[in-house]
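See structure below.
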Amino acid sequence: MFKSTRFKSTAKSTILKLTGIVALPLLLVTAAQASSEMRLALGFASTQAGGETVGSYSLSNIASRDSSGEFCLGYGDRTPDHVLTLEQDFTQLTIAVDSGGEDTTLLIQGPDNTTVRCNDNASRRDRDPEIQDTFAKGTYRVWVGAFEQEGRHRYNLTITE
Ligand SMILES: [Ca+2]
């Protein structure tokens, strides 16, 4: 009788421990998949969104090169970090990443799946990326990657008209 109670108690505590171990990775996956959403109309001037690079998904899986032949580099999550909806056509937008000196990359897909823009380094001295272009009205998916796999870098994404 004593032995049986003791066994039950041990079994219960093992189940609780297992539940704890299983629940943690599920929470982390959910957090990594959340995309920040932005809607921009003409005249917004400038806006920012923060984030952190994480992941082992090679962004070259989305496109190996962009529409102008630039390589799509870096690693991130399978889902976009930011979803950007433009309510009108913009003759010029600058989308820049600032991680404070780390090596990050940028991939923008949209408004259709086949149009991709990529950048690794804004300049020879700046390893954060920047894309300046004309953007038609529509929804764009934005990935900020780390140049090295699993690289974790906090960044600010700045969009300027
Ligand atoms: Ca870079």
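The values are calculated or read from the model by the stated rules, or taken from the named source; none is laboratory data. The shown structure was predicted, so the numbers you read here are calculated from the model rather than taken from an experiment. FYI the Cβ positions are ideal-geometry reconstructions off the backbone, even for glycines, and counts take in every protein chain you see.
Here are a few things to note about the model shown:
- Within the stretch 99-121, the residues that satisfy the criterion of being crowded, with 18+ Cβ neighbours inside 10 Å and either of a type in the set (Phe, Trp, Tyr) or over 18 Å from residue 35 (Cβ atoms) (or both) are 99, 102, 103, 118, 119, 120.
- Considering only residues in the stretch 122-137 that are away from the ligand (no atom under 11 Å from the Cβ) and under 14 Å from residue 93 (Cα atoms), the one that is surrounded by the fewest Cβ atoms within 10 Å (Cβ to Cβ) turns out to be 134.
- Test for residue 138: is it modelled with pLDDT of 95 or more, in contact with a Phe, Trp or Tyr (Cβ under 8 Å, 6 or more places away or on another chain) and assigned by TED's automatic domain parsing to the domain that holds residue 48: no
- The stretch 75-98: number of residues that are buried (at least 16 other Cβ atoms within 10 Å of the Cβ) and in a loop (DSSP other than H, G, I, E, B): 3
- Criterion (farther than 15 Å from residue 129 by Cβ, at pLDDT 95 or above and either among the aromatic types (Phe, Trp, Tyr) or in a strand (DSSP E or B) (or both)) met by exactly one of 44, 7: 44
- Test: residue in the stretch 104-127 that is assigned to a strand (DSSP E or B), more than 22 Å from residue 155 (Cα to Cα) and touching a strand residue (DSSP E or B) at 6+ places or on another chain (Cβ under 6 Å): no
- If you go through the stretch 137-161 and keep only what is over 21 Å from residue 111 (Cβ atoms) and assigned to a loop (DSSP other than H, G, I, E, B), you end up with 147, 148, 149, 150, 151, 152, 153.
- Set 85, 94, 105: member being at pLDDT 95 or above and in contact with a Leu (Cβ under 6 Å, 6 or more places away or on another chain): 105
- Residues of the stretch 141-161 that are within 11 Å of the ligand (Cβ to nearest atom) and either farther than 23 Å from residue 61 by Cα or not assigned by TED's automatic domain parsing to the domain that holds residue 104 (or both): none at all.
- All conditions in (1) farther than 21 Å from residue 148 by Cα; (2) surrounded by 13 or more Cβ atoms within 10 Å (Cβ to Cβ); (3) within 15 Å of the chain's Cα centre (by Cα) hold for residue 72, with the sole exception of (1).
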